[in-house]
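The values are calculated or read from the model by the stated rules, or taken from the named source; none is laboratory data. Owing to the predicted nature of the structure, the values given are computational and were not obtained by experimental measurement. Heads up, the Cβs are rebuilt from the backbone with ideal geometry, glycines too, and the neighbour counts pull from every protein chain shown. SASA here: full protein model, heavy atoms, side chains in, ligands and nucleic acids out. Shrake-Rupley method; radii C 1.70, N 1.55, O 1.52, S 1.80 Å.
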Amino acid sequence: MRERGVQSRRVRDSKEAAHGSAPGSRGTNAWQAIAIIALLAATAGWTTVAVIALRGSNTGSGAPVAESSDSPSDDPNAVDEESAPPVADTHDAPDLEAALPITVNGVDLQTQSVTGSGLLTDDEWSTTVTKFLTDAGKTAADLQFAQAYDADQSIDGSFEVYRVAGIEGTKLRDALINAWKGDSPDLKLTDVTVGGQKMLRGEFDADTPASYLYVRGDEVFDIWTNDEKIAAAGIAALPAPGASRPPRPSASAGASPTPGASTTP
């Protein structure tokens, strides 16, 4: 896992975290890592500082470990992050959150959302996506991302959606795939039908959950799971476009900061 510095958390950090442990092999599996990282984002915020690493080779657990530097900060205005209160969870695109399922297989999900202004950094993935946006006459702020996840980690899946107003979903999907291939050139894509819907399944490696990419209008849904039945259940649970939704539980409700983690995809 690379250091994020002051950049905001990004979904691809969840995907990188998934490489740290084969599902079901060493305590915390890949989908749990995704949920834990999402929960860290919920309790510590998308835009503060942390270094998250999977140290499975050293600890044998495969669980995300939050690392912090022992070196004093050169910034005279620096705040003791361990004593700082958690930053509120982020809902920059609540209408996009409403496009995600509120429950899957009877499990309640929590959501967060962020725009590209907080999602994109200066790494290869971000550079590729930023170029796509610029070529389309868009800015980072036009990109929206939302995620629904189970804070109790009882469901094998993470449910995500991307959108850029004015850009067809298929074009955005292809741009995301192109960006992911920068780190995973061997990404294998297969046309599949899941839950009665045609989509692409992306396979990164044996230690990473499959990515099910489903396009609906200008929305690109990305379901990460090892179980195709979960993907089908997620698709079936999607609300109809424009449907009214009951309030969702806040990601910070009932959640407490992970011990040892600095306040902080």
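So here's what we get for this one:
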| item | result |
| --- | --- |
| Pairs where the first residue, in the stretch 157-170, is of a type in the set (K, R) and the second is open to solvent by 10 Å² or more (accessible area, probe 1.4 Å), C-beta under 7 Å, 6+ apart | R163/Q144; R163/D218; R163/E219 |
| Matching option when the condition is modelled with pLDDT under 95 and within 19 Å of E97 (Cβ to Cβ), among A146, A151 | A151 |
| Subset of the stretch 222-237 (residues that are of a type in the set (A, V, I, L, M, F, W, C) and crowded, with 21+ Cβ neighbours inside 10 Å) | I223, W224, I230, A231, A233, I235 |
| Test for T170: is it under 19 Å from the mean Cα position of the chain (by Cα) and either open to solvent by 50 Å² or more (accessible area, probe 1.4 Å) or modelled with pLDDT under 95 (or both) | no |
| Selection status of D183, open to solvent by 50 Å² or more (accessible area, probe 1.4 Å), closer than 29 Å to V107 by Cα and modelled with pLDDT under 95 | no |
| Matching residues, the stretch 196-210, being at pLDDT below 95 and open to solvent by 50 Å² or more (accessible area, probe 1.4 Å) | D205, A206, D207 |
